[in-house]
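Data first, discussion second: the structure below is written as structure tokens.
The values are calculated or read from the model by the stated rules, or taken from the named source; none is laboratory data. These numbers were taken from a predicted model, which means no experiment stands behind them. Note that we place each Cβ from the backbone using ideal geometry, even for glycine, and neighbour counts take in every protein chain shown. Just the protein is used for accessible areas: all its heavy atoms, side chains included, with ligands, DNA and RNA removed. Shrake-Rupley method; radii C 1.70, N 1.55, O 1.52, S 1.80 Å.
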Amino acid sequence: MKPLIPRDLDWIPNAPVAIEAKGTSTASPKAVFEVLADHERWTEWFPAVRSVTVLGPAEGVGARRRVAIPGMTVDEEFIAWEPGERWTFTGVAAKPHFTRSLIEDCRLSPTEVGGTAISYTMYLDPSGPMRALTRLIAPSIRANTTKAMAALGRRAEGPDA
């Protein structure tokens, strides 16, 4: 694992690359957040995630976890933990080293009909040749994350959704 430059929320407007995915759910923001916060079960609804290992406390700002996706592992530290509203981490290390910095920011807001609007944005600062590659594959990342947000919404709605 190679260290990344950890970032705080103030870095978001300056991130060179932002990839946003959206979803909706008929479940409440609180229910959607509970699914997000259940780290080990991400593999059940986020197809790209192969494993999640909690590294210490599982909740709150400062909580850490290790996420494995095909060909990549990222260590993450939470920088925002607002149940029912916001769930945000910064990358602290990665293998391979695909970016200098990473923030993934999930915002939940109630809809007029009682459900949840989900916005999940990945902010990156890819280095050198990875910048062009990241921009090239951004549509695929967005599509896969959009599918995952739909699955997140369904999971929060319960087993009969």
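Summary of computed values
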{"item": "Complete set of residues in the stretch 60-76 that are part of a strand (DSSP E or B), surrounded by fewer than 18 Cβ atoms within 10 Å (Cβ to Cβ) and of a type outside the set (Ser, Thr, Tyr)", "result": "64, 66, 68, 69, 72"}
{"item": "Residue selected from the stretch 77-98 under the condition part of a strand (DSSP E or B) and of a type in the set (D, E, K, R), by the criterion most open to solvent (accessible area, probe 1.4 Å)", "result": "95"}
{"item": "Verdict on residue 149 being in contact (Cβ under 8 Å) with a residue 12 or more places away in the chain, assigned to a helix (DSSP H, G or I) and buried (at least 16 other Cβ atoms within 10 Å of the Cβ)", "result": "yes"}
{"item": "Single residue of the stretch 1-59 satisfying the filter (among the hydroxyl-bearing types (Ser, Thr, Tyr) and closer than 12 Å to residue 152 by Cβ) that is least open to solvent (accessible area, probe 1.4 Å)", "result": "25"}
{"item": "Scan of the stretch 111-125 for residues that are of a type in the set (Gly, Ala, Ser) and at pLDDT below 95, ordered by number", "result": "114"}
{"item": "The stretch 48-71 residues that are more than 18 Å from residue 86 (Cβ to Cβ), paired with ones that are of a type in the set (Lys, Arg) and open to solvent by less than 40 Å² (accessible area, probe 1.4 Å) (beta carbon under 7 Å, 6 or more apart)", "result": "52/65; 53/65; 54/65; 55/65"}
{"item": "Residues within the stretch 99-120 that are part of a strand (DSSP E or B), surrounded by fewer than 19 Cβ atoms within 10 Å (Cβ to Cβ) and out of contact with any helix residue (DSSP H, G or I) (no Cβ under 8 Å at 6 or more places or on another chain), tallied", "result": "3"}
{"item": "Counted residues, the stretch 121-145 - those being open to solvent by 20 Å² or more (accessible area, probe 1.4 Å), in a helix (DSSP H, G or I) and under 30 Å from residue 157 (Cα atoms)", "result": "6"}
